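Quick notes on the structure that follows.
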Amino acid sequence: MKRADRRAIQRIVAERIEKLFQMAEANAEEHPDRARRYVELARKLSMKNKVPIPRKWKRRFCKKCGAFWIPGRNLVVRVKPRPQPHVEYICLECGARYRFPYLREKLKAREEGK
Ligand SMILES: [Zn+2]
């Protein structure tokens, strides 16, 4: 396959992934199973075509069970200062825990905002 062709495909796939996540978000509240299916499809497309999942969606679903997260409903977000400042995500669908390093700038902004 020509490189230009692959690029064209990847662009279309990226659009499709974006659409699927938008649909997942729209359905997450009322039809969580449907949302999960969209997440699954988007992830499959991403892997098959080597198209990365957009950053804005990366932390919106559980990598373990595929649930689309709605903070406060099926996701708990906690900020933990120790041992290293990090944010803890707990998926309430399957109990998986994720840790993300907490950006220093954000922490600083919060302290200054007090
Ligand atoms: Zn989960």
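Throughout, read-outs are computed from the coordinates displayed, never taken from laboratory work. Quick caveat: nothing in here was measured; it's all calculated off a predicted structure. Cβ placement follows ideal geometry from the backbone for every residue including glycine, while neighbour counts extend to all protein chains displayed.
With N set to the number of residues, divide the alpha-carbon radius of gyration of the stretch 3-113 by 2.2 N^0.38 Å and report two decimals.
Details: Rg = 16.3 Å, N = 111, 2.2 N^0.38 = 13.2 Å.
So the stretch 3-113 has a normalised radius of gyration of 1.23.
Sorted by mean Cβ packing within 10 Å, highest first, what order do the peptides 27-34, 79-86 take?
Packing order, densest peptide first, comes out as 27-34, 79-86.
Mind putting a number on the dipole of the chain about its Cα centre? Charges go on the C-beta only, +1 for Lys and Arg and -1 for Asp and Glu, and I need it in Debye to the nearest 20.
The dipole magnitude comes to about 640 debye.
Running a GNM on the chain with Cα contacts under 10 Å, which residue among Ala35, Ala14, Ala67 ends up with the highest mean-square fluctuation?
Of Ala35, Ala14, Ala67, the most mobile in the Gaussian network model is Ala14.
Sequence-distant or interchain residues sharing an amide H contact under 5 Å with Phe61, placed H: which?
Placed amide hydrogens put Trp69 under 5 Å from Phe61.
Taking a threshold of 25 Å on the Cα-Cα distance, which of the pairs Lys19/Lys44; Lys2/Lys56; Lys19/Lys80 fall above it? Can you show the working numbers first?
Working: Lys19/Lys44 14 Å; Lys2/Lys56 30 Å; Lys19/Lys80 33 Å.
Long pairs (Cα-Cα over 25 Å): Lys2/Lys56; Lys19/Lys80.
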